[in-house]
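Contents: one structure, followed by commentary.
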Amino acid sequence: MLSRHTSKFLRYSYSRAISNCRGFASTNVETAESERDPAPFFFDEKVQKYLTQLTTVDYTKVFRTRKDGHKLTPPQYKFMTDEELEEATKAAQRKARRYLQMPPVVKQRVDSSLTLDKDVALQGYDTAKYVFTDISQGVRDKERFIVIREPDGTLRHATWKERDRLLQTFFPKPIKEINKPKMFEGEYLQNLLNRKKYEYILDRACVQFEPDDPDYQSVTREVYEHINVEKHFDFLRSTRHFGPMVFHLVWTNNIDHLLHEMIETSRISDAALLIRLYHVIYPTAEPTVESCEHMDDVDFVTHYIKLLESPKKDKLQKLLQSYRELQRERQIVDENVKRAYGTFSETDKDISLSTDASLEADKSISLETDKDSSNTSKDTSSKS
């Protein structure tokens, strides 16, 4: 039971806070942006289309059994007509798209240091802080009014960490904890990364933090960088976290490892999409993309690697040349099969000749690169 003086103090503080609310809202909008905001790029229609295509949909992986504490339901087998089967397939596709909905990538939030009021008459009244929270129903968490009266009489808005703790107290969300779980800290997080629990970490981070929370962005960044170094991209492929990871690598200008993995696994169309996505985020190179729209995916990737300034350029060129040679060998096998069955046509012959010309061009580029590298090494040794 609060005393009479404490009740007067609460009514006084709350009335002063409400009177200053409108002034706070107008001042907070004027916060200056010091960093590039990724949100307009991430939510761009073309970027979303590219990220969705790069994610791919492996229904076996999307609908796999998950050990998340929910009761497993036994499978059901039904006899269906063609129309019912088509409708069930479309329903599964819609469900898969919902499962693959990407977490947003936004700018990191900044705490406001705005002081609403300072009443020296309340200084030393109590040693504890007083928190005033609007618990009205139907108000968004980010718009909910929460202020704190300090023991020295200062009335200020709650920090983001204080808001998260108070909102979880008054409006608890399932699974989310009031304090930051240990699994996101130091050796505990490193242990999970070493065990390749990437999707589990990211799913748990989406539950615990908001997308603009510094802790969320720190955890996801560490997971993405670990995957990039270890080249474990396939662990997140066909999950909702693959798109944000690709966007992070493009945003930080660090796509060489992913490009290498795509070429190595014969995902040339994905490699071309990745390059196009890169040019959307960094539009200074857009004319280069527009001038290559007539090329197929292999020639497009070859052209990009040729202009690339990276220590991995030689490896990417040799890997792409190996891919072309493998494709040529497969084409020869197909031609022999067609000749055996008498179905080889003039169109197939033209395609074979064009493939041979492209392969010879790749070999000449590779020889020129090796020659330049050897000349550079000779110059370095003569200088030394």
Determine, for each peptide in 310-320, 94-104, the mean count of other beta carbons within 10 angstrom over its residues, then list the peptides with the highest first. 310-320, 94-104
Under the Karplus relation 6.51 cos²θ - 1.76 cosθ + 1.60, θ = phi - 60°, what is the ordered set of whole-Hz ³J(HN,Hα) values for the range 245-254, x standing for Gly and Pro? 5, 4, 4, 4, 5, 5, 4, 8, 6, 9
Taking a probe of 1.4 Å and leaving out DNA, RNA and ligands, the range 232-288 shows per residue an accessible area in Å² of 31
Tell me, what is the 1.4 Å probe accessible area of residue 260, in Å² to the nearest 10? 40
Net length gained if the chain between residue 60 and residue 118 were fully extended (0.36 nm per residue, minus Cα distance): 14.9 nm
Too long for a 24 Å Cα-Cα cut-off, among 61/90; 61/95; 197/231; 118/161, are none
Amide H partners (placed H, <5 Å) of residue 154, local residues excluded: 119
From the phi of every residue in the range 79-92, what ³J(HN,Hα) in whole Hz does the Karplus formula 6.51 cos²θ - 1.76 cosθ + 1.60 yield, where θ is phi - 60° and glycine or proline is x? 8, 10, 7, 4, 5, 5, 5, 5, 5, 5, 5, 5, 5, 5
Pair residue 97, residue 330: separation of 7 Å Cα→Cβ label points (nm): 2.9
Taking the full set of protein chains and a 1.4 angstrom probe, give the accessible area of residue 188 in square angstrom, rounded to the nearest 10. 120
Amide H contacts of residue 130 (H built 1.01 Å from N, under 5 Å, at least 5 apart or other chain): 149
Quick calc: nm separation of the 7 Å Cα→Cβ label points for residue 134 and residue 78 -> 4.6
If DNA, RNA and ligands are ignored and the probe is 1.4 Å, what is the ranking of 295, 80 by accessible area, most exposed first? 80, 295
When the Karplus curve 6.51 cos²θ - 1.76 cosθ + 1.60 is applied with θ = phi - 60°, which whole-Hz ³J(HN,Hα) does each residue of the range 202-209 get, with x for Gly and Pro? 5, 4, 5, 5, 5, 6, 7, 10
Which value, in Å² and to the nearest 10, is the accessible area of residue 63 when all protein chains are kept and the probe is 1.4 Å? 80
Rounded to one decimal in nm, the spacing of the 7 Å Cα→Cβ label points at residue 308 and residue 281 is 1.5
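The values are calculated or read from the model by the stated rules, or taken from the named source; none is laboratory data. Keep in mind it's a predicted model, so treat the numbers as computed, not measured. Here the Cβ is made from the backbone with ideal geometry for all residues, glycine too, and neighbour counts use every protein chain on show. The area values use the complete protein model at the heavy-atom level, side chains included, leaving out ligands, DNA and RNA. Shrake-Rupley method; radii C 1.70, N 1.55, O 1.52, S 1.80 Å.
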